[in-house]
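Participant: Sharing a structure here in structure tokens format.
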Amino acid sequence: MNYSPEKTPIKIVACHQNEKKELKTKACVFEIEPQQKTEIELTSDKEFLLYNEEREVVSLTSLSSSYLLRNQQILEIDKKNGPTFLLKKDKAEAYQLTAETKTLWNKSDGLFQKDQISGSEMDIFEEMTSEELIKEMIMGVPGIIH
């Protein structure tokens, strides 16, 4: 339901993995008229509604309400056959990823649910969030759009 007195542009993003386990997305963009109720046919088990110039995200399908996302303002530098470094914007220092932190960094694609973190990854998650390398995205109630 669009409760706004104005048209609201939205984007529906459906996510799935192909046979090679690569993440693929399909997007549909349209506007919802003011005070209009709109039904959306879901085609994936991971679909999201984006609105407010894509600053707001609502999970339409998943039971989890918390996802991990890499900080998009961090530069990742992979040394050939060597370590990976993360450089924060406006900071002179770098964060070197270990094998364990790199695994969680790579998983944090915006679709990895926090409740999938193993016990040993929880300490790594807490460290990386305190360093603002990974962010926890808390979504709205699945399937309900306000």
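The values are calculated or read from the model by the stated rules, or taken from the named source; none is laboratory data. As the structure is a prediction and not an experimental result, all values here were calculated from the model. Here Cβ is always computed from backbone atoms with ideal geometry, including for glycine, and neighbour counts include all displayed protein chains.
Participant: Could you go through region 28-43 and let me know if any residue there is at pLDDT below 85, surrounded by 13 or more Cβ atoms within 10 Å (Cβ to Cβ) and outside the structural domain of L87 (by TED's automatic domain parsing).
Facilitator: Within region 28-43 (the criterion being at pLDDT below 85, surrounded by 13 or more Cβ atoms within 10 Å (Cβ to Cβ) and outside the structural domain of L87 (by TED's automatic domain parsing)), the answer is no, since none of the residues qualifies.
Participant: Return the total of residues in region 18-39 being among the hydroxyl-bearing types (S, T, Y) and more than 30 Å from N106 (Cβ to Cβ).
Facilitator: Going through region 18-39, the residues among the hydroxyl-bearing types (S, T, Y) turn out to be 25, 38.
Filter once more, so that each one left must be more than 30 Å from N106 (Cβ to Cβ): 38.
Number satisfying all stated conditions: 1.
Participant: Right, next: Which of (1) at pLDDT below 90; (2) over 24 Å from K24 (Cα atoms) is the odd one out, the single condition T129 does not satisfy?
Facilitator: (1)
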